[in-house]
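Chemist: Got a structure here, written out as structure tokens. Questions coming.
Only the coordinates and a few stated rules stand behind these numbers; no lab work does. This structure is a prediction, so every number in the text was calculated from the model and none was measured. Here the Cβ positions follow ideal geometry from the backbone for every residue, glycine too, while neighbour counts run over all protein chains shown.
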């Protein structure tokens, strides 16, 4: 899969939801552990990241409907929405290809430069 073969829905998903390498790591965990219940501290240990970073990431993914917080104490699980999980699956097909991470970073860079350019023009 090269950059031209990426669907609009996947491109939007990457730019608007999976817009950091940390979120890509978390999505990888979710993809390979779709029925897991997890907390921010457990995920931080599994990924070797700071818990605060993970908590912020999880809040963003809850807002996007990718994961659900199932207890007030902070237990999470992957969404049961087949449409959202299909996007995760499509993202993982790209991300795990030999050139996938490079394409992912390029899409993020392009969206970042577009936002900067748009802000300058609109002022």
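Chemist: With n ≥ 4 as the cut-off for DSSP H runs, can you work out [θ] at 222 nm for the chain, using -39500 (n - 2.57) per run divided by the number of residues, rounded to the nearest 500?
Modeler: Values: 6 runs with 79 residues, N = 123.
About -20500 deg cm²/dmol.
Chemist: Still on this structure, please answer the following. Among (i) 151; (ii) 197; (iii) 124, which is the computed volume of the Cα convex hull per residue in Å³?
Modeler: Of the labelled values, this structure produces (iii).
Chemist: What spacing in nm lies between the two simple spin-label points modelled at residue 16 and residue 111, each 7 Å away from Cα in the Cβ direction?
Modeler: In this crude label model, residue 16 to residue 111 measures out at 0.9 nm.
Chemist: Still on this structure, I have one more. Which whole-number percent is the relative contact order of the range 7-122 (Cα, under 8 Å, 6+ apart)? Could you put the intermediate results ahead of the total?
Modeler: Details: 86 pairs, mean separation 33.7, N = 116.
The value is 29 percent.
Chemist: OK, next. Treating the angle as unsigned and between 0 and 90°, give the value, to the nearest 10°, between the Cα long axis of helix 51-63 and the longest Cα principal axis of the chain.
Modeler: That helix lies at roughly 70 degrees to the long axis.
Chemist: Efficiency by 1/(1 + (r/R0)^6): what FRET value for residue 9 and residue 56, r their Cβ-Cβ distance, R0 = 30 Å, to the nearest 0.05?
Modeler: Details: r = 25 Å, r/R0 = 0.83.
Efficiency, from the Cβ-Cβ distance: 0.75.
Chemist: Under a plain spin-label model, where a point goes 7 Å from the Cα along Cα-to-Cβ, how far apart in nm are residue 69 and residue 28?
Modeler: Result for the modelled spin labels: 2.6 nm.
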